[in-house]
Amino acid sequence: MTDFSLASLRAAAAMVHAQVPSTPQYAWPLLGRRSGCDLWVKHENHTPTGAFKVRGAITYIDWLRRTHPDVTGIITATRGNHGQAQVRAATAAGLSATIIVPHGNALEKNAAMRAFGATLIEHGHDFDSAKAEAIRMAQEEGLFMVPAYHDELVRGVASYGLELFDAVPDLDTVYVPVGCGSGLCGTIAARDALGLKTKVVGVVSAHVDAAKRSFEAGRLIASPTAHTFADGVAVCTPVQAALDYFGPRADRFVAVTDDEVAEAIRIYWQDTHNLAEGAGAVALAACLQEKAQMQGKKVAVILSGGNGDMSQMAEILSGATPRVELRKAI
């Protein structure tokens with residue numbers, strides 16, 4: 001296992017901060033009044049790519065350059081935030097970056113990846129098809145396939161946990177969105193390295209809750225489909241390495257519905273004037289779901305990203321919940 005000691009995580013954070021400034025954490029009074037607790041928001045929507053994944057990409061590409069010096073380019077499949085982060089880090093390191101997305105992917109996210117320097121290819125109609133094509137092209141063209149979860153991604157992502165805990169060390173609970181698990185594992189790694197007792201709670205969509213069921217069963221359980229507009233947490237098959245790490249270390253999991261997520265997005269806008277994407281709002285939705293047991297406590301939620309589709313955000317802010325067709329997910 002990668003070294004998650006405090007010295008290792010501090011070194012990774014220094015590498016991240018050479019490119020990406022620390023993001024703020026604010027205790028918004030309107031959110032505190034609404035939730036009944038001292039509620040802090042960690043604003044990962046304020047990074048250069050609008051999401052937390054920019055951090056892990058920096059440490060991962062550094063690891064790749066050191067351990068595979070002959071690699072000249074990377075390839076990966078994504079629906080957006082992972083891809084933006086990898087393209088930004090790869091091109092900064094002098095590598096080419098090829099990104100495979102399914103047809104119908106968000107136009108704004110595609111445009112952002114191209115702007116960072118990606119060669120972007122649309123293939124298939126779901127993430128699984130895009131991933132299969134990325135694996136095929138990696139072998140055919142000699143590109144390095146970047147996974148969605150890796151210990152070196154976790155080391156970089158842990159930097160937001162260090163920032164949060166350094167600023168607010170006496171938190172009772174932190175709610176963290178869970179897709180493939182780097183955010184949850186990074187937050188736990190930072191907490192443990194600092195020797196804190198904060199409870200770390202994973203949050204998933206109630207419509208694709210494989211990570212929650214896997215955590216509770218102690219073994220991998222997959223969901224066949226995802227039916228949520230929160231793409232960043234629409235993960236059907238959990239990652240074994242992530243489960244192995246967070247399984248014995250997370251406090252519990254909470255599942256939130258799309259209606260709860262849409263309401264959390266509206267609340268973020270009303271109370272803080274920050275726009276959260278679906279996955280970025282699940283942590284707040286979970287905190288509000290558990291409002292009764294959080295009364296009077298010091299709590300943090302990770303606003304993991306703000307890259308929502310404009311049409312989707314307009315629908316949500318008008319009071320609706322986006323409905324998506326049943327589909328295979330990440």
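Tabulated values for the structure
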| item | result |
| --- | --- |
| Qualifying residue in region 103-112 (condition: loosely packed, with under 15 Cβ neighbours inside 10 Å, out of contact with any Pro (no Cβ under 9 Å at 6 or more places or on another chain), part of a loop (DSSP other than H, G, I, E, B) and of a type outside the set (G, A, S)) | yes |
| Residue satisfying condition, being out of contact with any Pro (no Cβ under 6 Å at 6 or more places or on another chain) and free of Cβ contacts under 8 Å to residues at least 12 places away in the same chain, within set S205, S311, S223 | S311 |
| Residue match in region 226-248 (condition: open to solvent by less than 20 Å² (accessible area, probe 1.4 Å), part of a loop (DSSP other than H, G, I, E, B) and more than 19 Å from H82 (Cα to Cα)) | no |
| Candidate set: region 19-37, residues that are touching a Ser or Thr at 6+ places or on another chain (Cβ under 7 Å) and in contact (Cβ under 8 Å) with a residue 40 or more places away in the chain; chosen: the one most open to solvent (accessible area, probe 1.4 Å) | W28 |
| Selection within region 183-210 - open to solvent by 10 Å² or more (accessible area, probe 1.4 Å), at negative phi and either in a strand (DSSP E or B) or of a type in the set (G, A, S) (or both) | A193, K199, A206 |
| Count of residues meeting criterion [at pLDDT 95 or above and among the hydrophobic types (A, V, I, L, M, F, W, C)] in region 222-266 | 13 |
| Answer from A118, A130, A111, A93 - the residue that is free of Cβ contacts under 8 Å to residues at least 60 places away in the same chain, closer than 22 Å to Q312 by Cα and either of a type in the set (G, A, S) or touching a His at 6+ places or on another chain (Cβ under 6 Å) (or both) | A111 |
| Set G305, G296, G280, G319: member being touching a residue at least 12 places away in the same chain (Cβ under 8 Å), buried (at least 19 other Cβ atoms within 10 Å of the Cβ) and closer than 18 Å to R34 by Cβ | G280 |
| Residue match in region 65-76 (condition: within 13 Å of the chain's Cα centre (by Cα) and either closer than 25 Å to L243 by Cβ or free of Cβ contacts under 8 Å to residues at least 40 places away in the same chain (or both)) | no |
| Matching entry among D151, D128, D170, D166 (being modelled with pLDDT under 95, acidic (D, E) and either open to solvent by 10 Å² or more (accessible area, probe 1.4 Å) or not assigned by the TED database to the domain that holds E277 (or both)) | D128 |
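Each row is one residue, and each column tells you yes or no for (1) outside the structural domain of A226 (by the TED database); (2) part of a strand (DSSP E or B); (3) closer than 24 Å to D126 by Cα; (4) open to solvent by 20 Å² or more (accessible area, probe 1.4 Å).
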{"position": "L39", "(1), (2), (3), (4)": "no, yes, no, no"}
{"position": "Y60", "(1), (2), (3), (4)": "yes, no, no, no"}
{"position": "L64", "(1), (2), (3), (4)": "yes, no, no, no"}
{"position": "T76", "(1), (2), (3), (4)": "yes, yes, yes, no"}
{"position": "R79", "(1), (2), (3), (4)": "yes, no, yes, yes"}
{"position": "A89", "(1), (2), (3), (4)": "yes, no, no, no"}
{"position": "I100", "(1), (2), (3), (4)": "yes, yes, yes, no"}
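The values are calculated or read from the model by the stated rules, or taken from the named source; none is laboratory data. All values reported here derive from a predicted model rather than from experimental measurement. Positions of Cβ are generated from backbone atoms using ideal geometry, with glycine treated the same way; all protein chains shown enter the neighbour counts. Protein only, heavy atoms only, side chains kept; ligands, DNA and RNA dropped before computing areas. Shrake-Rupley method; radii C 1.70, N 1.55, O 1.52, S 1.80 Å.
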